[in-house]
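Before any comments, here is the structure.
What follows is calculated from the coordinates using simple rules that are stated; it is not laboratory data. The structure presented is a predicted model; accordingly, all values stated were derived computationally and were not measured. In this analysis, Cβ positions are derived from the backbone assuming ideal geometry, glycine residues included, and neighbour counts consider all displayed protein chains.
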Amino acid sequence: MDTLLVTGSAGHLGEALMLTLREQGRDARGIDIVASPFTDAVGTIADRDFVRAQMRGVGAVLHAATLHKPHVATHDRQAFVDTNVTGTLNLLEEAVAAGAGAFVFTSTTSTFGRAMAPKPGAPAVWVTEALRPVPKNIYGVTKVAAEDLCQIVHQDHGLPCIVLRTSRFFPEDDDEPAARAERSTPNLQANEFLHRRVDIEDVVDAHLCALRAAPRLGFGRYVVSATTPFRHEDLAELPRDAGAVLDRRVPGWRALYGRHGWTMNEGIERVYVNDAARAALGWQPRVDFAAVLERLRSTGDIRGALARRIGIKGYHPRR
C-alpha cells in the first residue's frame, strides 16, 4: 500500500486527517515543523531536501500545512511566501518526481477576499467557484499562488491536483475583537454554519473524497463549507434581516437561541455554496445549521466528536 503524506500533521486539520487515516488502517506519514504524536518527521516544507526525503514511497499527498490568516500579525510576508508558495512548489515537484498519483491542496475561502464584500445596499454575495478571487492580505495572495501552482504542475506533468477552498473549521476564538465582544465563541460559530463554517469531520471527508476523485477529475477547485439553508432568492434580504430569512428556512431556531441567550447576525453579506464539491467529488457533508441546533439541544455543545477529541491548538508562534 502506498503511503499517504500529510503535511501540517500537528495542526487541527492535519491531526484530524492522521487520526482518521490511521484508524482506517491506512499508511499515513505526518510531517510538520512542530513535533506531535502524529508527526513522523519534523522539518519545513520550504526545505527541498526535507521534502524529497519524506516523499519516498508516497502515493498521494494531502497538503494541509500553511501559515494561516492569524499569522499575518506574527509573521512577515516572506514567511508566507516561503511556506505557502515555495513549500507547495517543493511538494508538487517532488510528488511528480516520486510518481505520486494524487495531490490534494487545502486552500481557503479567504482567497476570495474583497470579492465577498458587497457594496452598501447590494445583495449578499453568492460565493461559488465562479467568483473571481480578490485577495486582501498576504495570506490570500499566497494561497491563490499555491492554487495556481497546483494547476500548472497538473498541466505540465499530469499530476492530478484538487484544490479545496475550505471555510472556517477551527475551534479557536474569532480573530476579530469586535466579533468576540458581541457574541460568545459557540454563538459566533453556530451562526457561521449558515454561511461560512464547516465541521472538521466533513472537511476530512472532503479531502478523502478529493483523493479518490483526483485521478478522474485531473484538476479542480472546490468550495468546502456546510450546506447553507439559504437560497439565491434570499440574497437581497440577507444583509438587512438575516433572522427573518432564517425564520423561513429553519423555523424554530429563535426559541433555542433564546434559551441560551444567543443572538443572530443582523445581516449576512456572503454565503458559501458547496454544490460543485458535492457534485464533482461525491462529497456528502452531514453537519449543517439544523444539525448544529440538534447538537445544542441534545448536548449543549455544538462541536462534534472529532472536534472535541482534537481540542484547541492555537497557532504556532514565529519561528
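Listed as lacking a disulfide-compatible partner in the chain: Cys209, by the criterion of no other cysteine Cβ under 4.7 Å. For Asn274, the amide hydrogen comes within under 5 Å of the amide hydrogens of Thr228, counting only partners 5 or more places away or on other chains and with H modelled in the peptide plane. Here the 3J(HN,Hα) profile of the stretch 280-286, calculated from phi with Karplus coefficients 6.51, -1.76 and 1.60 at θ = phi - 60°, is 7, 8, x, 7, 10, x, 9 Hz, Gly and Pro shown as x. Could you compute the net charge surrounding His154? Neighbours are other residues with a C-beta less than 14 Å from the C-beta of His154; K and R count +1, D and E count -1. My count for the surroundings of His154 gives -2. Think of each Lys and Arg Cβ as +1 and each Asp and Glu Cβ as -1; about the Cα centre, that makes the dipole of the stretch 3-310 roughly 480 debye.
Averaging the sequence gap over all C-alpha pairs within less than 8 Å and six or more residues apart, then dividing by the number of residues, gives the stretch 1-94 a relative contact order of 32 percent.
Quickly rank 24-31, 105-112, 251-258, 270-277 as a protection proxy: mean count of other C-beta atoms within 10 Å, highest first.
Highest mean packing first, the order is 105-112, 270-277, 24-31, 251-258.
The Rg/Rh ratio of the stretch 1-158, with Rg taken over Cα atoms and Rh as the Kirkwood radius over Cα pairs, comes to 1.01.
Taking amide H as placed 1.01 Å from N in the peptide plane, Ala65 has its amide H under 5 Å from the amide H of Thr7, Gly8, each at least 5 places away in sequence or on another chain. Backbone amide hydrogens, once placed in the peptide plane, bring Ala28 within less than 5 Å of Leu4, excluding anything fewer than 5 places away on its chain.
Within straight-line reach of Lys119, meaning a Cα separation under 20 Å, sit the following aspartates and glutamates at least 8 residues removed in sequence or on another chain: Glu233, Asp234, Glu237, Asp241, Glu266, Glu269.
Computed 3J(HN,Hα) for the stretch 3-19, one whole-Hz value per residue from the Karplus formula 6.51 cos²θ - 1.76 cosθ + 1.60 where θ = phi - 60°, is 6, 9, 8, 10, 8, x, 5, 8, x, 4, 5, x, 5, 4, 5, 4, 4, glycine and proline marked x.
Here is how the number arises for the chain: DSSP H runs of 4 or more residues each give -39500 (n - 2.57), the sum is divided by the residue count, and the result at 222 nm is -11500 deg cm²/dmol. Considering only Gly282, Leu19, Ser167, and ranking their Cα positions along the charge dipole of the stretch 3-310 that arises from unit charges at the beta-carbon of Lys, Arg, Asp and Glu, the one farthest toward the positive end is Gly282. Along the stretch 135-148 the Karplus relation, 6.51 cos²θ - 1.76 cosθ + 1.60 evaluated at θ = phi - 60°, assigns HN-Hα couplings of x, 10, 7, 5, 4, x, 4, 6, 6, 5, 4, 5, 4, 5 Hz to successive residues, with x for each Gly and Pro.
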